[in-house]
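Data first, discussion second: the structure below is written as structure tokens.
The values are calculated or read from the model by the stated rules, or taken from the named source; none is laboratory data. Quick caveat, the model's predicted, so the values are computed rather than measured. Virtual Cβ from ideal backbone geometry, glycine too; neighbours counted across all protein chains shown. Side chains included, ligands, DNA and RNA excluded: accessible areas come from the protein's heavy atoms. Shrake-Rupley method; radii C 1.70, N 1.55, O 1.52, S 1.80 Å.
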Amino acid sequence: MSWLLKAREFVAYHGIENIDLKNCVMECGCEACLGKSPNQISRSIENIAEHNLVQFKNFVGRREKSVINTFDAVLEEGTMAVVGDLHIGTPQSLWELCFSRLKQIKISHLVLLGYTFDFENGKPSLWEVTGFFRKLREIGVEVIPVLGCSDSSREGLLDALRELSLSEEPLKPQLLKPSPVRAEAVRSLLVFYTVAKEKAKVKLADGSVAIFRHGHDLGFGKKDHPEEIAGILHERKRPEDIYVIGHCHKSFLDPEKRVQY
Ligand SMILES: [Zn+2]
Ligand SMILES: [Zn+2]
């Protein structure tokens, strides 16, 4: 029965390997998955169990391994917005304005392309963290967080979580009577950065694949010329893929090379 037990943990079989579907989406053409959408398969225990059973039978019968692709998200319909470098926690951050705009354009998916919170030069307050996640839930979209330069260090996150957990008051009463607002802020921030990855691979509605990275580790500076950066990014990817980075604080799009930042 392990095919069912594994499905209950959102684990899918792929030959003798396992795919953890808790933080990704699987596209599979096996007889159990045929005709179902990747989101349908990956978010239902029943569908994963059926897939696992087919994979198990195929494995025992020494049949050929199914072709399975995994993505961080699969956009079947709707509109995706990509937002980088919100720098929440600094006075210059325009995150509230950004949410007003996102509300107007009615999106279904939101990629947060790194540097969402600023743990290095800023100090996200309890108000900013609760406000950000409240607004995120309000617009009710699928969120795809990517790690950036100031929000990828574990120490920075830990410091921010500690700041959010504790108020100025004496510590021992806080231990006995924790604040639900602070607990919620800590939990949301922790989940957000547990979901966040260095690179997100998203299958778009037209079948093309978009790679999202913050870009701080690619060796570019803010002073580098946009055309040059586009040229280098173009060489690093498959020609048909779309490469999107943040970090540069400049807007640039090359539809021919399928590079954007
Ligand atoms: Zn399958
Ligand atoms: Zn950056």
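Identify all residues within region 28-55 that are more than 9 Å from ligand 1 (Cβ to nearest atom) and surrounded by fewer than 20 Cβ atoms within 10 Å (Cβ to Cβ); write none if there are none. Explain how you work it out, then say what you get.
We begin by selecting, within region 28-55, every residue more than 9 Å from ligand 1 (Cβ to nearest atom); these are 35, 37-40, 42-46, 49, 53.
Gly35, Ser37, Asn39, Gln40, Arg43, Ser44, Ile45, Glu46, Ala49, Leu53, listed by residue number.
Scanning region 7-27 for residues being surrounded by 20 or more Cβ atoms within 10 Å (Cβ to Cβ) and over 13 Å from Asn69 (Cα atoms) gives a total of 1. Give region 94-118 a look and list any residue that's small (Gly, Ala, Ser) and touching a residue at least 40 places away in the same chain (Cβ under 8 Å), or say none. Correct list: Gly114 only. Glu198: touching a strand residue (DSSP E or B) at 6+ places or on another chain (Cβ under 9 Å), of a type in the set (Asp, Glu), over 24 Å from Ile245 (Cβ atoms) and in the same structural domain as Arg213 (by TED's automatic domain parsing), yes or no? So Glu198 does not fit the description; no. Considering every residue within region 56-64, establish whether at least one is surrounded by 12 or more Cβ atoms within 10 Å (Cβ to Cβ) and within 29 Å of Ala205 (Cβ to Cβ). Among the residues of region 56-64, not one is surrounded by 12 or more Cβ atoms within 10 Å (Cβ to Cβ) and within 29 Å of Ala205 (Cβ to Cβ), which makes the answer no.
Candidates Leu157, Leu97: the one that is more than 30 Å from Glu27 (Cβ to Cβ), open to solvent by 30 Å² or more (accessible area, probe 1.4 Å), part of a helix (DSSP H, G or I) and aliphatic (A, V, I, L, M) is Leu97.
The set of residues from region 56-81 being within 12 Å of ligand 1 (Cβ to nearest atom) and in a helix (DSSP H, G or I) comprises Phe56, Lys57, Asn58.
So Val186 clears everything in (1) of a type in the set (Val, Ile, Thr); (2) modelled with pLDDT of 95 or more; (3) over 22 Å from the mean Cα position of the chain (by Cα) except one condition, right? Which one? All conditions pass for Val186, except number (3). Taking region 76-89 as the range and being open to solvent by less than 20 Å² (accessible area, probe 1.4 Å) and under 17 Å from Ser125 (Cα atoms) as the test, the residues that pass are Leu86, Ile88, Gly89. Specify the residue that is modelled with the lowest pLDDT; the eligible residues are those in region 10-27 that are of a type in the set (Asp, Glu) and away from ligand 1 (no atom under 11 Å from the Cβ). It comes out as Glu17.
Okay, residues lined up against (1) touching a Phe, Trp or Tyr at 6+ places or on another chain (Cβ under 8 Å); (2) within 16 Å of ligand 1 (Cβ to nearest atom); (3) part of a helix (DSSP H, G or I); (4) assigned by TED's automatic domain parsing to the domain that holds Phe133:
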{"site": "Glu163", "(1), (2), (3), (4)": "no, no, yes, yes"}
{"site": "Lys172", "(1), (2), (3), (4)": "no, no, yes, yes"}
{"site": "Arg182", "(1), (2), (3), (4)": "no, no, yes, yes"}
{"site": "Arg187", "(1), (2), (3), (4)": "no, no, yes, yes"}
{"site": "Val191", "(1), (2), (3), (4)": "no, no, yes, yes"}
{"site": "Asp206", "(1), (2), (3), (4)": "no, no, no, yes"}
{"site": "Phe212", "(1), (2), (3), (4)": "no, no, no, yes"}
{"site": "Glu227", "(1), (2), (3), (4)": "no, no, yes, yes"}
{"site": "His234", "(1), (2), (3), (4)": "yes, no, yes, yes"}
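If Thr130 satisfies every condition in (1) open to solvent by 20 Å² or more (accessible area, probe 1.4 Å); (2) polar (S, T, N, Q); (3) within 16 Å of ligand 2 (Cβ to nearest atom) but one, which is the exception? Tallying (1) open to solvent by 20 Å² or more (accessible area, probe 1.4 Å); (2) polar (S, T, N, Q); (3) within 16 Å of ligand 2 (Cβ to nearest atom), Thr130 fails exactly one: (3).
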